[in-house]
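The structure appears right after this line, and notes come after that.
The values are calculated or read from the model by the stated rules, or taken from the named source; none is laboratory data. These figures come from a predicted structure and were not determined experimentally. Quick reminder, even Gly has a Cβ in these numbers, built from the backbone with ideal geometry, and neighbours come from all protein chains shown. Ligands, DNA and RNA are excluded from the accessible area calculation, which covers all protein heavy atoms including side chains. Shrake-Rupley method; radii C 1.70, N 1.55, O 1.52, S 1.80 Å.
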Amino acid sequence: LSDPFWMRRKGSGWWTEIRAGCVTFLTMAYVMPVNAQIMSDAMGKENIEDLVIATAAVSCIASILGGLMSNFPFGLAPGM
């Protein structure tokens, strides 16, 4: 654990990664309700809470699997 995600080898540092994580969090926080709103236009407005949860679950699973399989910190969410 001395060099997680090969940060030093790629020329990055903790401060850069913390800023990148904040940007990724804010992007995901924007994508979840907007994506659910777009999908609810096709599926009906009564399902919007379920769509937010589904978007969050899929994003969580995809981000974890993408990070573990590629050894690269990615935030993956459904496309709009």
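So how long is each side of the chain along the principal axes, counting just the alpha-carbon atoms, biggest first, in Å?
Dimensions of the chain along the principal axes of its Cα atoms: 49, 23, 17 Å.
Which residues in the range 1-42 have a backbone N closer than 17 Å to a point placed 7 Å from the Cα of PHE74 along the Cα-to-Cβ line?
In the range 1-42, the label zone of PHE74 (backbone N under 17 Å from the point 7 Å along Cα→Cβ) covers 5-6, 21, 24-25, 28.
I'd like to check one number: the per residue accessible area of the chain, probe 1.4 Å, reported in Å² as a whole number. Don't jump to the answer; show the numbers that get you there.
On the way: 5870 Å² over 80 residues.
In whole numbers, the chain has 73 Å² accessible per residue.
If one takes the longest principal axis of the Cα atoms in the chain, at what angle in degrees, from 0 to 90 and to the nearest 10, does the Cα axis of helix 48-70 lie?
Approximately 20 degrees, to the nearest 10.
Consider just the alpha-carbon atoms of the range 39-80 and return their Rg together with their Dmax, both in angstrom.
12.7, 39
Given the DSSP H assignment, sum -39500 (n - 2.57) over each helix run of at least 4 residues in the chain and divide by its residue total; what's the result at 222 nm in deg cm²/dmol, nearest 500? Kindly include the intermediate steps, with their values, before the conclusion.
Values: 2 runs with 53 residues, N = 80.
Helix contribution divided over all residues of the chain: -23500 deg cm²/dmol.
Would you kindly state how much longer the chain becomes between ILE38 and ARG19 on full extension, computed as 0.36 nm times their sequence separation minus their alpha carbon distance, in nm to one decimal?
Values: separation 19, 0.36 × 19 = 6.84 nm, distance 2.86 nm.
Here the answer is 4.0 nm.
If you roll a 1.4 Å probe over the chain with all protein chains in place, what percent of the accessible area is carbon or sulfur? Numbers along the way, then the final one.
On the way: 4230 of 5870 Å².
Taking all protein chains in place, the chain shows 72 percent carbon and sulfur surface.
Which whole number of Å³ per residue matches the convex hull of the alpha-carbon atoms in the range 18-57?
Working: hull volume 2.0 nm³, N = 40.
Each residue corresponds to 49 Å³ of Cα convex hull volume.
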